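Working notes, structure below.
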2 protein chains.
Amino acid sequence: MPKRVDPTERRTLIADALMRVAAERGLEAVSLRHVAAEAGATTGLVQHYFGTKDEMMLFALEVVSGHIGERMEAAVNALGPSPAPRDLIRAMATQLLPLDEQRRADGRVGLAFFAYAATRPHVAEVQRRGSEGLRDFFATMMPEPAATTLLALVEGLALYLLTDTYSAATALGALDGYLDSVFGRP
Amino acid sequence: MPKRVDPTERRTLIADALMRVAAERGLEAVSLRHVAAEAGATTGLVQHYFGTKDEMMLFALEVVSGHIGERMEAAVNALGPSPAPRDLIRAMATQLLPLDEQRRADGRVGLAFFAYAATRPHVAEVQRRGSEGLRDFFATMMPEPAATTLLALVEGLALYLLTDTYSAATALGALDGYLDSVFGRP
DNA sequence: CGTTTTACATTACAGTCGTGATGTCAAAGC
DNA sequence: GCTTTGACATCACGACTGTAATGTAAAACG
């Protein structure tokens, strides 16, 4: 056999190509051939690592969640030890907003997956779990109804940022305004 | 020529079929053939009334906005004359939430169109205008930043209702909670 | 050293897609 | 009444899709 290869490395390489295609040309342009071409490979390689297209899509969705998780961890670490709950929540919520090109790309993929999941229950399950985990975490640092509201608010802001309906300043203002109403004005 | 026919009637007939397909099988299942079949017609008819697929999609998007507008008007009229701002806003915002099968169908189509618009600037324009109009109207009855936040919150709640992440009671609770924080608890 | 197994590439297939061309038929206009 | 025209139906086209089958080369393993 040829050089033994790290399969998850190849899979993330493919998933990254997928996300580039999805971010630039929409999820409907995500085909085995386009993804393969973007990855500089052939459809055979893609087929080798993902038996089916749905498998590939599902993996890409997990990569996006992974990105968000990593960014949240980094943002939280940047706060230093034992930060105030409000700062912690703000830092995490901000990572859900598409405020730079990196997060915009992830956001577009995430949005596309919402539509994709609308007719694929098992994909929807993955998303649901992610949202619930986040809300439960938020709920450890603020009243539960407020955590619920905050998460929905952030999701809506993300949507409007993605469509250029709201500016970054507007979205951050709305986020801070809501945090003020929960934690009290500083 | 055959019986002269009302073109907009035919167009809405086609658009309704499109929305049924999109709601049940996702926007990616929306093809000229599927829509035609759902409408009990042929692709020739669809082509006759919409030169191109994009034209058809755009028209369907306008139909969805129309539905929402009609529902809002009905809900507002049901309030009786000169309602309190809070009640008015609540009635309108509620129409944006997919709380019954009718609104769920529209919501799914709307969501699918968000993804569709992500790579079609002129479609995004239509959506943006709708959101801005709504926010401006809200802003006539509440502080502007609150209107901005409310709209994003409602959009986020709609998303989570659509994916069955939040229950109707949870979403309405979040909406009322926010309205309380703006207008004061009754 | 030979065999097996892994990692890919290539090709083929059946299906669907949007679109354009062409055909048919009935009513409106002269 | 004949011609024009609008309202569709039908069919063909090239492009694209996901997937299955097959081929090939190389490294690991006995």
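The values are calculated or read from the model by the stated rules, or taken from the named source; none is laboratory data. Because the structure is a prediction, the values reported are computed rather than measured. Cβ coordinates were reconstructed from backbone atoms using ideal geometry, including for glycine residues, and neighbour counts include every protein chain displayed. Calculation scope for accessible area: heavy atoms of the full protein, side chains included, ligands and nucleic acids excluded. Shrake-Rupley method; radii C 1.70, N 1.55, O 1.52, S 1.80 Å.
Quick look at the numbers
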| item | result |
| --- | --- |
| Separation of alpha-carbon centers, segment A:38-90 and segment B:102-126, rounded to whole Å | 25 |
| Within segment B:1-98, trypsin sites (Lys or Arg not before Pro) in DSSP loop having at most 16 other beta-carbon neighbours inside 10 Å | B:3, B:4 |
| Positive-end extreme of charge dipole, segment A:7-183 - chosen from A:13, A:131, A:177 (charges on Cβ) | A:13 |
| Apportionment of accessible area to carbon and sulfur, chain A, percent (1.4 Å) | 55 |
| Accessible area that becomes buried as B packs against A, both chains, 1.4 Å probe, Å², nearest 100 | 2900 |
| Other-copy label distances relative to residue A:84, 7 angstrom Cα-Cβ extension, nm | 3.3 |
| Accessible solvent surface per residue of the protein assembly as shown, calculated while the other protein chains remain in place, 1.4 angstrom probe, Å² | 48 |
| Residues in segment A:133-180 that, when all protein chains are in place, have 40 Å² or more less accessible area than the chain alone would give (probe 1.4 Å) | A:148, A:149, A:152, A:153, A:155, A:159, A:160, A:163, A:165, A:166 |
| Span per principal axis, largest first, for the Cα atoms of segment B:96-185 (Å) | 42, 29, 18 |
| Position residue A:185, label points 7 Å along Cα→Cβ, spacing to each other copy in nm (shortest first, one decimal) | 2.1 |
| Kyte-Doolittle mean at least -1.0 and Cα axial length at least 20 Å: DSSP H helices in chain A | A:7-25, A:53-77, A:101-117, A:121-139, A:144-162, A:168-183 |
| At 7 Å out from Cα toward Cβ: residue B:47 inter-copy label distances (nm, ascending) | 3.3 |
| Computed over segment B:1-142: relative contact order in percent, which uses C-alpha pairs under 8 Å that are six or more apart | 23 |
| Gyration tensor over alpha-carbon atoms, the protein assembly as shown, equivalent ellipsoid semi-axes in Å | 33, 33, 15 |
| Gain upon complete extension [residue A:25, residue A:74; 0.36 nm per residue less C-alpha separation] | 14.7 nm |
| Computed helical MRE - 222 nm, the protein assembly as shown, DSSP H runs ≥ 4 contributing -39500 (n - 2.57), nearest 500 | -25000 deg cm²/dmol |
| Added length on full extension, which subtracts the Cα-Cα distance from 0.36 nm per residue, residue B:129 to residue B:164 | 9.8 nm |
| At q = 0.12, 0.14, 0.17 Å⁻¹, base-10 log of I(q)/I(0) for segment A:7-183 (Debye sum, equal scatterers on each alpha carbon) | -0.60, -0.79, -1.07 |
| Heavy atoms of residue B:65 accessible to a 1.4 Å probe, total area in Å² rounded to 10 | 60 |
| With DNA, RNA and ligands ignored, accessible area of residue A:34 (1.4 Å probe; Å², nearest 10) | 80 |
